[in-house]
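Note sheet for the following structure.
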Amino acid sequence: MLRLGDIVDSLGGQLHGDRGAAIEGLAPLESAGPSQLSFLSNPRYQQQLAASRAGCVIVSPALQEAALARGAAIVADDPYLYYARVTQLWKARRAPAGAGGIHASAVVDPAAHVDPTATIGPLCVVERGARIGAGTVLKSRVTVAEDCIIGARCLLHPGVVIGADGFGFAPRQGEWEKIEQLGAVRIGDDVEIGANTCIDRGALADTLVEDGVKIDNLVQVGHNVRIGRHTAIAGCAGIAGSASIGAYCTIGGSAGILGHLTLADRVHVSSFSLVTRSILKPGHYTGVFPIDENAAWEKNAASLKQLHALRDRVRALEKKS
Amino acid sequence: MLRLGDIVDSLGGQLHGDRGAAIEGLAPLESAGPSQLSFLSNPRYQQQLAASRAGCVIVSPALQEAALARGAAIVADDPYLYYARVTQLWKARRAPAGAGGIHASAVVDPAAHVDPTATIGPLCVVERGARIGAGTVLKSRVTVAEDCIIGARCLLHPGVVIGADGFGFAPRQGEWEKIEQLGAVRIGDDVEIGANTCIDRGALADTLVEDGVKIDNLVQVGHNVRIGRHTAIAGCAGIAGSASIGAYCTIGGSAGILGHLTLADRVHVSSFSLVTRSILKPGHYTGVFPIDENAAWEKNAASLKQLHALRDRVRALEKKS
Amino acid sequence: MLRLGDIVDSLGGQLHGDRGAAIEGLAPLESAGPSQLSFLSNPRYQQQLAASRAGCVIVSPALQEAALARGAAIVADDPYLYYARVTQLWKARRAPAGAGGIHASAVVDPAAHVDPTATIGPLCVVERGARIGAGTVLKSRVTVAEDCIIGARCLLHPGVVIGADGFGFAPRQGEWEKIEQLGAVRIGDDVEIGANTCIDRGALADTLVEDGVKIDNLVQVGHNVRIGRHTAIAGCAGIAGSASIGAYCTIGGSAGILGHLTLADRVHVSSFSLVTRSILKPGHYTGVFPIDENAAWEKNAASLKQLHALRDRVRALEKKS
């Protein structure tokens, strides 16, 4: 339980309402009850505001009047960011961060270096030469392989694999000869990596993940990739080897980036889209086959296989006309 | 080894043949030998029936005559379902289900609740407040995080992660501020979850997987998703946050569903298709670029990037004509 | 550190330069310094050769003259293959292969058979009846389930799951009845399997991965798939049940192959392409929606949903003209 007064004392914002009112939890506008705190970040949902039973609502100055018409409110410049900070407050109350430590079931090589304030969860593996920075948390069943470096305040979710071999083979008469992967992975500060995501070690140089990068679950990051600072990558995306992604990019779910390409800063790739050439201009890029009822799709897909010919037919008609 | 008589005594069906005949295993029609049991569920493969060397074949009443012309048969209304039950009989003989228990190498928090009939396999992690229902089996290396609830008779394959943080961040001047994920995951009864699949905990409310849902390997289920009962999701699919999928749906392999969308009951999404709007009508939906020889694809893909212009050109021709 | 003379003594090739020169590492042409060895495998990058500060460069006979104009060189018929072998030499120096052994934290069933020269890393699980061949290495947190067989000299990266149940259910009035997966997985010699990749056990017969196959991270291989020898599969690909892939194929990243299809030998599937029919002719196949600026994509995608109608309109114009 938190009181509204405690919240604004911690996080700022302007409280209109009873400082002593008890808040038992956070909830979306439509389901929040009288002992819950909610927020309205998107003015499109303003209609839900009047109807909400929330005990208090976080709103922007523009919505202050509408909010006060229904009850208590905290006014903040960025209600969504304010909400994020309330979740942090909540989490800290419920589960105070430990002082670090290595779970007894983890396997940490004596020649690894784990900062004393880092937390290594159950059944993790940290190999020789690896370094885990201050305040970083490895949840359960994470592997950080040989010589890989994780910065400060990172969070690695269960099943993450940092530093498996990159996929490198030289062809030899149709067979494949292993190229040993002699580089490692270097991850900056404040990076979060989702469950079962894999970041491969470099072939010669290192794979690089810069400060503030956020990666979702089940993402594949190939060897020698560079991911620029504060870029976010959604689930199931795949980044092929030696791709270089700029800063402040967003990569949608299940998107892909072919190897050796460069993405400038502030490039946004839609879900399910495959980047096949370097993108040097910031912007929003998409390549997705639109979904349709199956029967309609079948007709259009069949026509698509003749599209080049159709274009020639139109050209012929134009010449005639 | 099972005798044909034992099988029909356990599962019903009408045996035409020697009750005492010994069956050493199950095999597909084309490879089954005289000591093996096979089945024919699809009448299209009836030709294979005559040629099969199987010791006995499970068939529908419609195919009884054809089956008896070649040898022993079990006649059942739904041969495929009957076959499924024979596999269960076989498995039960070969590896009797244990009476539950927690493997010595698993890490189970004292404040987790594991039903005494549940089985927690080697190197699993069950965090505080988690609940594992009656008869549920966690194979090796499964994580069930804090406060997540798994129902009865579920089967979680190796590497599954239940309850990692959802991918939630508020933007702050181009950087990302963590939204702590305060919800959990609630999974119903009779749910099966494939290897290395991830189901994230909710941001505020819980992520929900209803009774009888079957999820394949390497599937990503985002925070606050709801998956309706008896829906099946094939491998590598990705379901973004707050999507609500109805009951009795099927989601194909590597398919995707964007966040906050709703799918009605009995919606079937093809493999590799991305759902970009809510689908409120039951049916079969597809969006896949048809594969072709690379040279043909290149031409058609290039034309596709001019398709809108082509449409305008056709319009112009129509006006002229 | 290796001397140039040691390298050619081990691997052959023709050294032009000082046998005693010390090499401290390998690096790409553009970043290599005077104590590093580099290579030029693609004649397109010949311009980089003159500018490189590398202590020595591996080149083909055709580039010998250009290489010698700038300094020391090793001339080899296939510089990329030679480079692969130098990485192996380097790795062997740095981390001599162990003599095998089972890490104390691994859970190996007494009824599994692990060759004494195999290495079972930390927190792996090897179930009863499984067999691990000579010289094979399971890195950390690998599961090899009941009765699965891994050949000699294989390398399985962290989080790999071999032999989870295939995704098999019989429909029963809209619900799903489990088909127990009674087969196993058989993997040949010299196979490499990437982090968090899953290969399911067969329903009746076994799933087969032949000699020399290389599979990247986060790949899903369904039950009863067969992957022919020396085929390579890139990250995030999904192979549905009972697909049969020939030898010497390459499957691109995030590509898919539907169930029960056959691919001939030497079929190459591009990244992100879905194979929806059997491919019996060797060649290169693609099906990807070309990426574009989002606004342009939106227009073309909308037109695509009318493509079949557009084709009819062109036909009508042709009849008129």
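Among the residues of the stretch B:296-321, those that are more than 8 Å from chain C (Cβ to nearest Cβ), small (Gly, Ala, Ser) and in contact with a His (Cβ under 9 Å, 6 or more places away or on another chain) comprise B:Ala296, B:Ser303. Can you tell me which residue is farthest from the other protein chains (Cβ to nearest Cβ) among those in the stretch C:103-116 that are surrounded by fewer than 17 Cβ atoms within 10 Å (Cβ to Cβ) and more than 27 Å from A:Gly168 (Cβ to Cβ)? Going through the qualifying residues, I end up with C:Pro116. Which of the residues belonging to the stretch A:202-230 are within 22 Å of A:Glu146 (Cβ to Cβ) and of a type in the set (Gly, Ala, Ser)? A:Gly202, A:Ala203, A:Ala205, A:Gly222 - these are the residues of the stretch A:202-230 that are within 22 Å of A:Glu146 (Cβ to Cβ) and of a type in the set (Gly, Ala, Ser). Per this entry, A:Ala232 is counted among residues that are more than 13 Å from chain C (Cβ to nearest Cβ), within 22 Å of B:Ala240 (Cα to Cα), in contact with a strand residue (DSSP E or B) (Cβ under 6 Å, 6 or more places away or on another chain) and among the aliphatic types (A, V, I, L, M).
Looking at the stretch A:132-142, is at least one residue charged (D, E, K, R), within 23 Å of the chain's Cα centre (by Cα) and in the same structural domain as A:Val185 (by TED's automatic domain parsing)? Checked the stretch A:132-142: at least one residue is charged (D, E, K, R), within 23 Å of the chain's Cα centre (by Cα) and in the same structural domain as A:Val185 (by TED's automatic domain parsing). Looking across the stretch B:239-291, the residues that are in a strand (DSSP E or B), surrounded by fewer than 22 Cβ atoms within 10 Å (Cβ to Cβ) and more than 9 Å from every other protein chain (Cβ to nearest Cβ) come down to B:Ser244, B:Thr250, B:Thr262.
Looking only at the stretch B:90-102, how many residues end up being surrounded by 15 or more Cβ atoms within 10 Å (Cβ to Cβ) and modelled with pLDDT under 95? So the answer is 3. Pairs linking a residue in the stretch B:144-159 that is over 23 Å from C:Val144 (Cα atoms) to a residue that is of a type in the set (A, V, I, L, M, F, W, C) and not in a loop (DSSP other than H, G, I, E, B), with Cβ atoms under 6 Å and 6 or more positions apart or on different chains, are B:Cys148/B:Ile162; B:Cys148/B:Val185; B:Ile150/B:Ile132; B:Ile150/B:Ile187; B:Gly151/B:Ile187.
Give the stretch A:18-46 a look and list any residue that's among the charged types (D, E, K, R) and over 18 Å from A:Lys91 (Cα atoms), or say none. Don't jump to the end; show me each part of the working.
Filtering the stretch A:18-46 down to residues among the charged types (D, E, K, R) leaves A:18-19, A:24, A:30, A:44.
Hits for the stretch A:18-46 are A:Asp18, A:Arg19, A:Glu30, A:Arg44.
Can you tell which of C:Thr136, C:Thr143, C:Thr119 is within 23 Å of A:Asp165 (Cβ to Cβ), of a type in the set (S, T, N, Q) and surrounded by fewer than 23 Cβ atoms within 10 Å (Cβ to Cβ)? Steps first, please.
Numbers: C:Thr136 fails: surrounded by fewer than 23 Cβ atoms within 10 Å (Cβ to Cβ); C:Thr143 fails: surrounded by fewer than 23 Cβ atoms within 10 Å (Cβ to Cβ).
Result: C:Thr119 is the single residue among C:Thr136, C:Thr143, C:Thr119 that is within 23 Å of A:Asp165 (Cβ to Cβ), of a type in the set (S, T, N, Q) and surrounded by fewer than 23 Cβ atoms within 10 Å (Cβ to Cβ).
Against the list (1) assigned to a loop (DSSP other than H, G, I, E, B); (2) surrounded by 16 or more Cβ atoms within 10 Å (Cβ to Cβ); (3) not assigned by TED's automatic domain parsing to the domain that holds B:Cys198, the condition B:Thr87 fails is (1). Checked against (1) at pLDDT below 90; (2) more than 20 Å from B:Phe169 (Cα to Cα), A:Ser41 meets all criteria but (2).
Mind telling me which of the residues C:Leu15, C:Leu2, C:Leu49 ends up being under 24 Å from C:Ala95 (Cα atoms) and either within 27 Å of the chain's Cα centre (by Cα) or touching a residue at least 12 places away in the same chain (Cβ under 8 Å) (or both)? Write out each step before concluding.
Numbers: C:Leu15 fails: under 24 Å from C:Ala95 (Cα atoms); C:Leu49 fails: under 24 Å from C:Ala95 (Cα atoms).
None of the others qualify; the one that does is C:Leu2.
Can A:Arg85 be described as more than 30 Å from A:Gly5 (Cα to Cα) and at pLDDT 95 or above? Quick ask: steps written out before the conclusion?
Values: more than 30 Å from A:Gly5 (Cα to Cα): no; at pLDDT 95 or above: yes.
Here the answer is no, as A:Arg85 does not meet what is asked.
Considering B:Arg131, B:Arg153, which residue is more than 8 Å from every other protein chain (Cβ to nearest Cβ) and at positive phi?
Details: B:Arg131 fails: at positive phi.
Exactly one of B:Arg131, B:Arg153 is more than 8 Å from every other protein chain (Cβ to nearest Cβ) and at positive phi, namely B:Arg153.
Touching a helix residue (DSSP H, G or I) at 6+ places or on another chain (Cβ under 8 Å) and at pLDDT below 95: which single residue out of C:Ala62, C:Ala73 fits that description? Exactly one of C:Ala62, C:Ala73 is touching a helix residue (DSSP H, G or I) at 6+ places or on another chain (Cβ under 8 Å) and at pLDDT below 95, namely C:Ala62. Taking the stated definitions as given, is B:Ala295 at pLDDT 95 or above and under 35 Å from the mean Cα position of the chain (by Cα)? Here the answer is no, as B:Ala295 does not meet what is asked. When each of C:Asp189, C:Asp147, C:Asp165 is tested for being away from chain B (no Cβ under 12 Å) and of a type in the set (Asp, Glu), the lone residue that passes is C:Asp189.
A count restricted to the stretch A:212-229 and to residues that are at the interface with chain B (Cβ under 9 Å from one of its Cβ atoms) and surrounded by fewer than 24 Cβ atoms within 10 Å (Cβ to Cβ) stands at 3. When the stretch C:59-84 is limited to residues that are surrounded by 16 or more Cβ atoms within 10 Å (Cβ to Cβ) and over 22 Å from C:Gly33 (Cβ atoms), the one that is farthest from the chain's Cα centre (by Cα) turns out to be C:Ser60. For C:Val125, state whether it is more than 30 Å from C:Ile23 (Cα to Cα), within 14 Å of chain A (Cβ to nearest Cβ) and surrounded by 21 or more Cβ atoms within 10 Å (Cβ to Cβ). Judged against the criteria, C:Val125 is a match. Can you tell me how many residues in the stretch C:126-166 are farther than 16 Å from C:Leu218 by Cα and of a type in the set (S, T, N, Q)? Selection size over the stretch C:126-166: 1.
Working carefully through the options C:Ala247, C:Ala234, find the one that is of a type in the set (Gly, Ala, Ser), closer than 23 Å to C:Ala184 by Cβ and in contact (Cβ under 8 Å) with a residue 24 or more places away in the chain.
Working: C:Ala234 fails: closer than 23 Å to C:Ala184 by Cβ.
Every option except C:Ala247 fails the conditions.
If you check B:Asp206, B:Asp189, B:Asp165, B:Asp147 for being under 17 Å from the mean Cα position of the chain (by Cα), farther than 28 Å from C:Ala106 by Cβ and among the charged types (D, E, K, R), only one passes: B:Asp189.
Screening C:Gln181 with (1) farther than 25 Å from C:Arg229 by Cβ; (2) surrounded by fewer than 24 Cβ atoms within 10 Å (Cβ to Cβ) gives one miss only, at (1).
Residue check: C:Gly174 meets all listed conditions (1) within 28 Å of A:Gln220 (Cα to Cα); (2) surrounded by fewer than 19 Cβ atoms within 10 Å (Cβ to Cβ) but one, namely (1).
Somewhere in the stretch C:61-72, is a residue in contact (Cβ under 8 Å) with a residue 60 or more places away in the chain and either touching a Ser or Thr at 6+ places or on another chain (Cβ under 7 Å) or part of a helix (DSSP H, G or I) (or both)?
Taking the stretch C:61-72 first, the residues in contact (Cβ under 8 Å) with a residue 60 or more places away in the chain are C:72.
Among the residues that remain, those that are also either touching a Ser or Thr at 6+ places or on another chain (Cβ under 7 Å) or part of a helix (DSSP H, G or I) (or both) are: none.
Scanning the stretch C:61-72 turns up no residue that is in contact (Cβ under 8 Å) with a residue 60 or more places away in the chain and either touching a Ser or Thr at 6+ places or on another chain (Cβ under 7 Å) or part of a helix (DSSP H, G or I) (or both).
The values are calculated or read from the model by the stated rules, or taken from the named source; none is laboratory data. It should be emphasised that the depicted structure is a prediction, and the values quoted were computed from it without experimental measurement. Note that each Cβ is placed from the backbone with ideal geometry, even for glycine, and that neighbours are counted across all protein chains shown.
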